[in-house]
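Here is the structure we will look at, set down as structure tokens.
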Amino acid sequence: MKYIIHGATGAQGAPLFNQLIQSGKNVVAAVRNTSCLGNKPSIQVDLSSVDSLVSAYTNIKGVFIHLPLADEASRLQYAKNIVAAVKIAKPERVVISTSGWKLGVEGDENSALPTLIRELSDTTAKVAVIAPKLYLENLLLPIVIEPAKEEGILGYPLRENYPVSWCSHLDIADVAQRLLEDHSIIGVVEVGQLPAITGLELAEAFSSYFSNKVTYQALTPATFGERLASLFGAAAAAEVVKGYQEKALTQDSAIEIENSAQHRLKIYPRSVLQWLRELNIEE
């Protein structure tokens with residue numbers, strides 16, 4: 001059985017790709033530049049080319065997909081190309097990560113991700129969708145982790161009492177591997193901590209790990225965006241600001257128990273402290 005992993009050099013795909021290799025699975029990275037992976041098995045793909053995708057998907061068992069960051073027109077075309085390739089190559093299994101993109105938003109039905117999920121569900125492939133809320137890796141951005149280490153302040157653009165079902169890319173890899181191997185699960189599997197935890201509880205976990213008091217500081221989305229712009233530019237930061245402004249209008253970012261990996265797969269995400277220890281974050 002062979003698996004194709006999109007984005008195997010990136011934050012989501014790399015943990016899954018490496019985990020499958022370590023498990024002795026027949027896995028191939030689908031990447032734009034195969035030289036980035038050295039001697040690891042890889043195939044060059046171009047999401048703008050159906051033929052390229054068909055070559056990657058032919059005679060394989062399953063595909064892990066997440067749409068890359070790009071303008072929406074490009075993402076929509078990538079989605080349609082993936083669907084066309086799946087229809088031709090007919091892989092048995094397709095696992096999609098939403099990358100935290102909210103599903104079921106009225107008026108969003110024809111954007112890239114909903115289109116990808118809907119149209120893939122009409123193919124012969126058995127489709128499962130991994131739906132996280134927020135990634136713990138966001139807290140490793142220099143603008144977040146450095147003040148936590150140096151000043152004891154964990155600043156993030158959410159209210160201190162706002163519950164979030166945080167998860168890590170390592171948790172996504174655990175769930176994705178199970179779904180690639182177990183085709184009996186279809187539909188949405190939400191990944192994240194239950195019960196959801198607040199900013200205050202995040203700070204407690206960081207305090208335990210660093211053995212120093214870390215205090216949570218609720219930032220406005222605008223303030224966070226100003227800091228983020230120094231890393232990714234004003235345009236990318238503006239999109240992030242918009243997302244956190246929308247979250248500010250909600251009560252939480254918690255997953256639903258009935259759709260959770262805990263309920264559907266008996267897979268439990270790492271606690272914040274477990275995650276910090278596993279990554280061995282420098283103190």
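The values are calculated or read from the model by the stated rules, or taken from the named source; none is laboratory data. Keep in mind the model is a prediction, meaning the values are calculated, not measured. Cβ: placed from backbone, ideal geometry, glycine included. Neighbour counts: every protein chain shown.
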>> If the requirement is being among the polar types (S, T, N, Q) and buried (at least 17 other Cβ atoms within 10 Å of the Cβ), which of these qualifies: Ser230, Ser184, Ser207?
In response: Ser207
> Can you name the residue in segment 50-79 that is touching a helix residue (DSSP H, G or I) at 6+ places or on another chain (Cβ under 7 Å) and loosely packed, with under 15 Cβ neighbours inside 10 Å and is also nearest to Ala131 (Cα to Cα) among such residues?
Replying inline: Glu72
>> Given the criterion among the hydrophobic types (A, V, I, L, M, F, W, C), closer than 25 Å to Val189 by Cα and in contact with a strand residue (DSSP E or B) (Cβ under 9 Å, 6 or more places away or on another chain), identify the matching residue among Leu69, Leu76, Leu53, Leu20.
In response: Leu20
>> Quick check on segment 103-113. Is at least one of its residues closer than 22 Å to Ser184 by Cβ, of a type in the set (A, V, I, L, M), touching a Phe, Trp or Tyr at 6+ places or on another chain (Cβ under 8 Å) and touching a residue at least 40 places away in the same chain (Cβ under 8 Å)?
In response: no
> Residues in segment 125-132: is at least one assigned by TED's automatic domain parsing to the domain that holds Val63, surrounded by fewer than 16 Cβ atoms within 10 Å (Cβ to Cβ) and of a type outside the set (Gly, Ala, Ser)?
Replying inline: no
>> Show the residue pairs meeting these rules: Cβ distance below 6 Å; 6+ apart or different chains; first residue within segment 138-154 and within 20 Å of Ser168 (Cα to Cα); second residue among the charged types (D, E, K, R) and surrounded by 13 or more Cβ atoms within 10 Å (Cβ to Cβ).
In response: Ile143/Arg227
>> Considering only segment 220-233, I want to know if a residue exists there that is within 30 Å of Val175 (Cα to Cα) and either part of a loop (DSSP other than H, G, I, E, B) or in contact with a Ser or Thr (Cβ under 8 Å, 6 or more places away or on another chain) (or both).
In response: no
> Of Leu170, Leu180, Leu200, which residue is in a helix (DSSP H, G or I) and in contact with a helix residue (DSSP H, G or I) (Cβ under 6 Å, 6 or more places away or on another chain)?
Replying inline: Leu170
>> Taking the condition of being at pLDDT 95 or above, among the hydrophobic types (A, V, I, L, M, F, W, C) and over 14 Å from the mean Cα position of the chain (by Cα), how many residues in segment 58-104 meet it?
In response: 10
>> Residue pairs, Cβ under 7 Å, 6 or more apart or interchain, first in segment 40-58 and touching a residue at least 40 places away in the same chain (Cβ under 8 Å), second small (Gly, Ala, Ser). List them.
In response: Ala56/Ala30; Tyr57/Ala85; Tyr57/Ala89
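Looking at segment 204-217, is at least one residue assigned to a loop (DSSP other than H, G, I, E, B), closer than 28 Å to Glu278 by Cβ, in contact with a Phe, Trp or Tyr (Cβ under 6 Å, 6 or more places away or on another chain) and not basic (Lys, Arg)?
First, the residues of segment 204-217 that are assigned to a loop (DSSP other than H, G, I, E, B): 211-214.
Adding the requirement that they be closer than 28 Å to Glu278 by Cβ leaves 211-214.
If we keep only those that are in contact with a Phe, Trp or Tyr (Cβ under 6 Å, 6 or more places away or on another chain) as well, we get 214.
Adding the requirement that they be not basic (Lys, Arg) leaves 214.
Scanning segment 204-217, I find at least one residue that is assigned to a loop (DSSP other than H, G, I, E, B), closer than 28 Å to Glu278 by Cβ, in contact with a Phe, Trp or Tyr (Cβ under 6 Å, 6 or more places away or on another chain) and not basic (Lys, Arg), so the answer is yes.
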>> Restricting to segment 190-243, give me the number of residues that are within 30 Å of Leu265 (Cα to Cα) and of a type outside the set (D, E, K, R).
In response: 17
>> Is it the case, given these coordinates, that Val86 is outside the structural domain of Leu231 (by TED's automatic domain parsing), part of a strand (DSSP E or B) and among the aliphatic types (A, V, I, L, M)?
In response: no
> If you check every pair at least six apart or on different chains, which have Cβ atoms under 7 Å apart with a residue in segment 252-268 that is under 14 Å from Leu179 (Cβ atoms) first and a residue that is part of a helix (DSSP H, G or I) second?
Replying inline: Ala261/Val175; Leu265/Val175; Leu265/Arg178; Ile267/Asp174; Ile267/Val175; Ile267/Arg178; Ile267/Ala261
